Every structure is written in structure tokens, then in C-alpha cells.
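Engineer: Below is the structure I would like to discuss, written out as C-alpha cells.
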Amino acid sequence: MRMALGNFPLLVEGNQPMPALSRRTNELGTENAFVVLAEVNELQRRGKNIISFCIGQPDFPTPANIQDAAIRAIRDGKHGYTPSAGIVELREAVARDIAKRRGITVSPDDVVVAAGAKPFIAYSILSVTDYGAGDEVIYPNPGFPIYESQVRAQGAVPVPIPLHEARGFNFDPDELEARITPKTRLLILNSPHNPTGGVISRPAMAAIADILRRHPQVWVFADEIYSRLVYEGDFVSITQFDDMQERTIICDGASKTWAMTGWRLGYAVNKTLAPVFSRWVTNTESCASQISQWAALEAISGPQDAADEMRKQFLERRNLIVKLLNQVPGVSSQNPGGAFYVWPNVTEACALVGAKDSEEFRARLLNEAGVAVLSDIHFGPRVPNEGQHIRFSYAASRQAIEQGVARMAEFIRANSRAKGKVAT
Ligand SMILES: Cc1ncc(COP(=O)(O)O)c(C=O)c1O
């Protein structure tokens, strides 16, 4: 027999219930992208042709010079544990690179390396909030689902801040100020943003910094994992504004810039928290894979041609998919400034095909048209008055983009004809 307990099933043997799980465990969410991926895999297993735009990772191989560095590390016997904060060579390279690209000063002592950027979301919340103390964390909605999941699991209070299409998927600074209380401990920023592709402009970031100066109790987690995938203008980091660097945890990594998602290598920068993060790493992972650390050293300090070329291709694909989506009946898409996501508004398309919301639209698009995307509810509760959205990851070939969007257009046309509505 199975009984639901939070997100997890509770097993009961005869009349004997199993020992309970923690509240923390029951608050732990997930990335629903993985649920959709399971659906996609099942359909593909049954022989259905699916074009997938679900996955948030580059579709390129890791550049050859980085692969070679990893093989060299293996051959040179780099097999053991490293210091928890990471090898000195990599911490120096990260410090130099983060400093150069943001125009700030960073010491290698302020850098900690871990198995991806993701662990630092948990480490940061764990380090600045206390369980059940009413400590509040503000994070973007829609947003990367791990933010809310970790806030809840660590017993802090989730305070989502809505992003608005009319602001290029930024939040309204006044709405930020209205959410800050004496209990606010952490503000999570993510620019370029998953899932919208939105970028926080320099004036918008300046407005955020102005507000934060009035609230010195607030730490900032700057999720800058897409910092190298900005398509118009320079990348803007909150750390570039007066008084912000000391209280900001910069989080970046190798996954998206050098197509290294499976290598698990990310880093965080903050002078005060570096020793704290280092201790968390000692308590959890011991250290990031030594092989991946040497590979990341090559990624950061070796030639950047491959990373630049990937960025160029993402930009071409962004231009293509935005153009094509805006020709689809009932669909309108902004031109997102970064990452490899596009977040079209499908409110009208839902009405045309008779879908009650973006999630029903997504499920039908998958089952009837063979196009896999994620819907807005996979990234937090839908923001009122903002309409229905779906997410395409355009880390997919040009051909997949052309065919996938054509299938979607045909699905909408065919279903709106059937419903007696005219799709133009
Ligand atoms: C916004 C955001 N932050 C963090 C991560 C995690 O990246 P990593 O692979 O370095 O753990 C992702 C990955 O999808 C992401 O989209």
C-alpha cells in the first residue's frame, strides 16, 4: 500500500507504517523538467518521433582542448582528493576570470569550487538562514525551481517576486522594496535568466543596488551561470555597483559556457562566505572531481574560440526561433537577451486550440504534434495577469528549430480550424 506524504510515497507494510521522513524531505521539490523528460523518453521508446526543446544544456561536445586536459589529468595521476575549496591553480584562474569579466577585484581565497553551480544554491541558503526562524528569501518567479525547493527544504520562508513581460521579464524594483522585511536574509538574482532568457539591464541593476543599500541585512545570491551568453551589450553583475560585492555571492561555472554540464564543476565567490562554503563542501562532497577541476582550468585559461563559437551559434538560433515563433498563430515572443531559452506568450494559441492553460497546451503539443517543451508551471506558480507561457530551450539544431516550430504552427492551425476559429 502507498500513502502520499508530501512529495514522497510512504510505504506501509501490513499495518506497520514505516518510520517517518523529515519535514525537510517532504518540502524538497524537484526540477519538473525531469518529469517531462520521462514522458518524452517513454513516447520515443514507443517509436514516436519527438522534437525536444526541453533540455537546459548546450548540445555541443565539450571542446577538444578541455577533453585533452582531463585525459592528461587522468594520465598524470590526478586521482585523489583536493582541498575542499579546490586546487589553487583553478581558484587563481577563476579569480582572474571573474575579476576581468566584471571589472572587480577578486582574491583566489574568496573562491570555492564544487560539483556544479547548483550546490551553492543550497550552501548559500544554509549559510544565511536558520530552519524555522522565519528567515525570508526573495527569488524570481518564474525561476529555476531549485531556488524555491531549497528555500522550503531548509526551513526558510519563500518570497517569490513576479517577473513581468512588459519589463523584459524583469521585476519591478518597487515590488522588490515592498517584499523586503527585517527578516529578509537573501535575494536571489539570475541574469541572464532561466526560463525567460531575460537580462537585467544596467539601469535596472542600479535600481536594485539602490534598494539594497537601504537594507544591509540582505545577502545577494547572483546566479551568473549564463554570464557568457549575453547577446546585446555587456554582461552586468550586481557586484559592479558600490557596496554590493561584499554582500554578494557570485555563482558561475563551467556547465553552460564550455558545454560541461556532466563534468559537474561550478564555483562561488565571496570573501566572508568562502571559508563557510569550503566547510560545507568538506561536509558533503569533500571536493569537486579533481579531473574536472584540471579540465575547468584549461576551459578558463585556454583558448576561448570554441566558447565564442557556441555563443555565436546560440545567437543565430535565438534569432531564428524568435522570428519563426512570431509567425505562429496566437504566439508572440520577445527577443530574449541571454541564455538559450525563449519564453513565448501562448495565451491566444491556447484559446485557438481550446486548451485551458499552458500546461494542457504543452501536453497536447507533445502528444499530438511531437514537440516537447516545458510550461510556465514548471518554474513556479503562474504569475497573475501575465498570461500563459511555454519554454523552448534552443540548444537544438537549426533543423530541429525549423521543424519543431512548423509542427507547432500546423497543430494550432489544424485545431483552430476544427474549432471553427480562424488561425492566421
Ligand atoms: C539558473 C541556473 N542556475 C544554476 C544551474 C545549475 O548549473 P550547474 O550545472 O553548474 O549545476 C542551472 C542549470 O540549469 C540554471 O539554469
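Engineer: Within region 192-206, identify whether any single residue is within 15 Å of the ligand (Cβ to nearest atom) and free of Cβ contacts under 8 Å to residues at least 60 places away in the same chain, and answer yes or no.
Structural biologist: Among the residues of region 192-206, at least one is within 15 Å of the ligand (Cβ to nearest atom) and free of Cβ contacts under 8 Å to residues at least 60 places away in the same chain, which makes the answer yes.
Engineer: Here's a follow-up. Filter region 13-31 for residues that are within 30 Å of R391 (Cβ to Cβ), modelled with pLDDT under 90 and exposed (fewer than 14 other Cβ atoms within 10 Å of the Cβ) and give the result.
Structural biologist: Passing the criteria: only T30.
Engineer: Now, a different point. Within the group V220, V281, V236, which residue is within 15 Å of the ligand (Cβ to nearest atom) and either in a loop (DSSP other than H, G, I, E, B) or in contact with a Leu (Cβ under 9 Å, 6 or more places away or on another chain) (or both)?
Structural biologist: The conditions single out V220.
Engineer: Still on this structure: Please go through region 114-164 and pick out each residue that is more than 13 Å from the ligand (Cβ to nearest atom) and either in a helix (DSSP H, G or I) or outside the structural domain of W294 (by TED's automatic domain parsing) (or both).
Structural biologist: Within region 114-164, I125, L126, S127, V128, V151, R152, A153 qualify.
Engineer: Further question: Out of all the residues in region 304-324, is one or more over 27 Å from S255 (Cβ atoms) and of a type outside the set (A, V, I, L, M, F, W, C)?
Structural biologist: Checking region 304-324: at least one residue is over 27 Å from S255 (Cβ atoms) and of a type outside the set (A, V, I, L, M, F, W, C).
Engineer: Could you list, in sequence order, all residues of region 267-320 that are of a type in the set (D, E, K, R) and over 21 Å from P58 (Cα atoms)?
Structural biologist: Matches in region 267-320: K271, R279, E285.
Engineer: Could you please find all residues in region 241-261 being under 11 Å from Q57 (Cα atoms) and either more than 9 Å from the ligand (Cβ to nearest atom) or in a loop (DSSP other than H, G, I, E, B) (or both)?
Structural biologist: S255, K256, T257, W258, A259, M260
Engineer: Out of (1) within 14 Å of the ligand (Cβ to nearest atom); (2) without any contact (Cβ under 8 Å) to a residue 40 or more places away in the chain, what's the single condition that is false for T272?
Structural biologist: (1)
Engineer: Also, quick follow-up: In this structure, is A296 more than 15 Å from I401 (Cβ to Cβ) and within 21 Å of the chain's Cα centre (by Cα)?
Structural biologist: In short, yes.
Engineer: Something else: Going by the structure shown, is E316 under 22 Å from the mean Cα position of the chain (by Cα), surrounded by fewer than 19 Cβ atoms within 10 Å (Cβ to Cβ), away from the ligand (no atom under 14 Å from the Cβ) and charged (D, E, K, R)?
Structural biologist: yes
Engineer: Next question, about the same structure. Tally up the residues in region 34-80 that are within 16 Å of the ligand (Cβ to nearest atom) and of a type in the set (A, V, I, L, M), please.
Structural biologist: 5
The values are calculated or read from the model by the stated rules, or taken from the named source; none is laboratory data. Because the structure is a prediction, the values reported are computed rather than measured. Quick reminder, even Gly has a Cβ in these numbers, built from the backbone with ideal geometry, and neighbours come from all protein chains shown.
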